[in-house]
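Below: the structure, in structure tokens.
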Amino acid sequence: MSQFDPTDPQGRLVNRSRLFLITPRHFELESFVPELEAALNGGDVASLLIATETTSEAALQRIAERLVPLAQAHDVAVLVRGDTRAMGRSQADGLHVDSGLADLTDAVERFQPRSIVGAGNIRTRDEAMAIGEAGADYLFFGLLDLAPEPTAHRKSLDFGRWWAGLFEPPCVVLAGTDLASVGEAAATGAEFVAVREAIWEHSGGAAEAIREANAVLDGVGGESVEE
């Protein structure tokens, strides 16, 4: 699976952004599983990025092996941040690389076209263009390790607006902790909007947050994805 595109599970092109769901930074695996299941039952999700902060590679592998089949059963592509072993052993759909151009180039050579290889931690336009030329399946704008804020970071929005208007590989823009920021991220024209705290810390629960996020995306423009 080499393509990372804004189509729904039936392969139809959807003319609006789709959700790129990111796991919490920290969670207890067995209690998180039903929460993730509820979120994925709440509405359309294109992909899940496993980007939890773990104490060991073995812990990340256990997490991936538990979450990958669950998400894939919902036609959700699963990516693992920065760990090729966990990606391979869990049979995830791809790898999220945010450790530099050299590592991205190596991953593209090793894993495409059978796996998705995406890139993050992008700080300049020159770096973004080099990553695009290296063959990344998507570019992620927003820094996963920064302290979250209610709104999307201005630089992430600027990157998304610039990239979506000029280049072919799809991009992902990281929203803030407030669901309203999903709309501002989508308004850049990005194919995907990344959500984290806005989903897992929602007062109504993860399923309700996913429903509300999709409603926001429908309001920005394009056709909705029917379950």
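Which pairs turn up if I take residues in the range 93-110 that are in contact (Cβ under 8 Å) with a residue 60 or more places away in the chain and look for partners that are part of a strand (DSSP E or B) and among the small types (Gly, Ala, Ser) with beta carbon separation below 6 Å, at least 6 apart in sequence or on another chain?
Asp93/Ala77
List, please: which pairs have Cβ atoms under 6 Å, are six or more places apart or on different chains, and start with a residue in the range 11-22 that is within 7 Å of Val193 (Cα to Cα) and among the small types (Gly, Ala, Ser) and end with one that is in a loop (DSSP other than H, G, I, E, B) and at pLDDT 60 or above?
From residues that are within 7 Å of Val193 (Cα to Cα) and among the small types (Gly, Ala, Ser), the pairs are Ser17/Ala190.
Inspect all residues belonging to the range 176-187 and state whether any of them is surrounded by fewer than 18 Cβ atoms within 10 Å (Cβ to Cβ) and free of Cβ contacts under 8 Å to residues at least 12 places away in the same chain.
no
Find the residue count for the range 25-58, including only residues that are more than 21 Å from Ile210 (Cα to Cα) and in contact with a Leu (Cβ under 9 Å, 6 or more places away or on another chain).
Matching residues across the range 25-58 total 1.
Is it the case that the range 190-201 has a residue that's at pLDDT 95 or above, closer than 18 Å to Pro170 by Cβ, surrounded by 17 or more Cβ atoms within 10 Å (Cβ to Cβ) and of a type in the set (Gly, Ala, Ser)?
Filtering the range 190-201 for residues at pLDDT 95 or above gives 190-201.
Narrowing the set further to residues that are closer than 18 Å to Pro170 by Cβ leaves 190-195.
Adding the requirement that they be surrounded by 17 or more Cβ atoms within 10 Å (Cβ to Cβ) leaves 190-195.
Next cut, of a type in the set (Gly, Ala, Ser) only: 190, 194.
Yes; the residues of the range 190-201 include at least one that is at pLDDT 95 or above, closer than 18 Å to Pro170 by Cβ, surrounded by 17 or more Cβ atoms within 10 Å (Cβ to Cβ) and of a type in the set (Gly, Ala, Ser).
Given the criterion of a type in the set (D, E, K, R), assigned to a loop (DSSP other than H, G, I, E, B) and surrounded by fewer than 17 Cβ atoms within 10 Å (Cβ to Cβ), identify the matching residue among Glu127, Glu168. Even if it seems obvious, please write down each step before you answer.
Values: Glu127 fails: assigned to a loop (DSSP other than H, G, I, E, B).
None of the other options fit; the residue is Glu168.
Which residues, taken from the range 135-165, are surrounded by fewer than 17 Cβ atoms within 10 Å (Cβ to Cβ) and small (Gly, Ala, Ser)?
Ala147, Gly165
Consider only pairs whose beta carbons are under 8 Å apart and that are at least six residues apart or on different chains; among these, list those whose first residue lies in the range 29-40 and is modelled with pLDDT of 95 or more and whose second residue is among the basic types (Lys, Arg) and part of a helix (DSSP H, G or I).
What qualifies is Leu29/Arg62; Leu29/Arg66; Val33/Arg66.
What tally of residues in the range 70-127 results from selecting those that are closer than 25 Å to Ser31 by Cβ and among the β-branched types (Val, Ile, Thr)?
3
Within the range 36-78, can you find the residues that are over 21 Å from His202 (Cβ atoms), in contact with a helix residue (DSSP H, G or I) (Cβ under 9 Å, 6 or more places away or on another chain) and not in a helix (DSSP H, G or I)?
Correct list: Thr54, Ala73, Ala77, Val78.
The values are calculated or read from the model by the stated rules, or taken from the named source; none is laboratory data. All values reported here derive from a predicted model rather than from experimental measurement. Note that each Cβ is placed from the backbone with ideal geometry, even for glycine, and that neighbours are counted across all protein chains shown.
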